Amino acid sequence: MTSRIRAAVIGLGAMGRHHVRIYSELENVELVAVADAVPATVERVSTEYGVPGYSDIDALLDTVPLDIVSIVVPTSLHHDISIKAMRRGVNVLCEKPIADTVALATEMIDVSRQEGVRLMIGHIERFNPAIIELKKRLEQAGDIYQVTSRRLGPFPDRIRDVGVVVDLASHDIDAMNYLLDSPASLVFAQTAQRIHATNEDMVLGTIRFANGVIGGLDVNWLTSTKLRQLMVVGSHGTFLADYLTQDLAFYANGAVPSEWSDLADLQRIAVGEATRYDFVKTEPLKAELASFVEAIMQDTDVPAPPEGAANALAIALALIASAATSTPVTPHLVS
C-alpha cells in the first residue's frame, strides 16, 4: 500500500460532505472520488474538491482504485453498497446503523472476513473526547449501578427510513456497550409516534446488562433544543458527560454525619467534592476517520468494530419489539 490512502465517499448529504472535507484535510489520505444519486450534488462537490464524481456506484468501484470508502447513504442501502465495495477488496467505513436487520449486519461481517478487508461502523460517540476520558476514569466511580442517557432535539428532515430508536438511541446504546463491556440481557421500552410520518420519534427504554448495571434511555425528536448527556452512577460517585460541549465532571459521594443514633447503620449519600476534567477537545468525526485510516495503514483492528455495531442494532430492534408488545425482550446478540 502507498504512503497515502486512496479514499472515496459514497453519499453526499450533510454527513457525507463532512467525510469529504475531512478526507481532503488528512495528510495521509488522497481523496480520489465522490458519488451520489443526485447528479447536481455530484457536480457541485466534485468541482469544489477537484475530484471525479459519479452517479453510478458500480462505475466508481470498477474504475477507481481505492483503499477505503465511506458509505454515507440511507440505512436501507448500507448492506448492498458495503458488500459491493468489500467484494472489490475495498475497506469500508459505513455510517451507523450498520444495517436494517441483524441478519444483514451479520452478512456484512462475514463478507469482510471472507474478503480480508476491514469493516468499521461510524458510531461517532466512541471518538467523543468526553466519552474517551470517561472510559479511562470509569473505575473511579466504584461499582457501577446505572448508566442513563438523554438525547433530545428537534426532528431532522433528512431522516425518513428509520425511527428515533435505530437512528438516535443507537448512539447511546453503543456508548453504553463501549463503557460497560458487558452484553445486554433484557430490554423494555415504550415508544410514541407524534410527528414522524412512519416511525417512532420518542422512546423511554431500559436495558439490563449481564453485569447487573441498568441502562436508561430518554431519546426523542420532539424537543426544541438539543440535549446530549450521559450519566454514570456508581458506589463512589457520579460522572456526568456532555456530548455536545465535551465536558466531563465527577461528583464524589460524601457522608453526612447524623446525631440520630437510629440512623447510624444507614449509609447516607450526599454531595461530595466535584471535579471537572481538562482534556483536549477535538472533532469526533475527524478522530473517527483518522483512526480508520490509521488502522488500515498499520494493519490493526478498527476501533469501532462491526460486531459491536451489530449488537447495538440488536438492542435497538429489541427495544422496538418491546414497545410493540409492552413486554420485556431479550436481544439476539452477535457473538
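Taken together, the values in this text are just the output of simple stated rules run on the coordinates, not laboratory data. All values derive from a computational prediction rather than experimental measurement. FYI the Cβ positions are ideal-geometry reconstructions off the backbone, even for glycines, and counts take in every protein chain you see.
Numbers for the structure displayed
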| quantity | calculated |
| --- | --- |
| Ranked by how many other beta carbons lie within 10 Å on average, peptides 280-288, 239-247 from highest | 239-247, 280-288 |
| Ellipticity estimate at 222 nm from DSSP helix runs (n ≥ 4, -39,500 (n - 2.57)) divided over the chain, nearest 500 | -10500 deg cm²/dmol |
| Range of Cα positions in segment 25-175 per principal axis (Å), largest first | 54, 38, 36 |
| Full-stretch length increase - Gln140, Glu273 - with 0.36 nm per residue and alpha-carbon distance subtracted | 46.6 nm |
| Average silhouette area of the chain, convex hull of alpha-carbon atoms, in square nanometres | 19.2 |
| Built amide H within the under 5 Å cut-off of Val73, gap 5+ | Glu95 |
| Thr63/Arg194 FRET efficiency (R0 35 Å; Cβ-Cβ; nearest 0.05) | 0.15 |
| Assigned charges on the beta-carbon of Lys, Arg, Asp, Glu; the chain dipole about Cα centre (debye) | 300 |
| Residues whose placed amide H lies under 5 Å from that of Val29, excluding near-sequence neighbours | Ile5 |
| Label-to-label distance, nm, for residues given as Ser182 and Leu285 (7 Å Cα→Cβ offset) | 3.4 |
| Cα lying deepest toward the dipole's positive end in segment 13-148, options Val32, Tyr145, Ala99, charges on Cβ | Tyr145 |
| Size of charge dipole - segment 75-218 - debye, nearest 20, with Cβ of Lys, Arg +1 and Asp, Glu -1, no other charges | 280 |
| Computed magnitude of the charge dipole of segment 1-155 (debye, nearest 20; Cβ of K, R +1, Cβ of D, E -1) | 420 |
| Pairwise centroid distance, computed over Cα atoms, of segment 272-293 with segment 181-197, Å | 27 |
| The chain: DSSP helices with Cα axial extent of at least 18 Å and average Kyte-Doolittle hydropathy no lower than -0.5 | 75-87, 102-115, 284-298, 306-325 |
| Unsatisfied cross-links (Cα-Cα over 28 Å) in the set Lys84/Lys135; Lys96/Lys281; Lys84/Lys136 | Lys84/Lys135; Lys84/Lys136 |
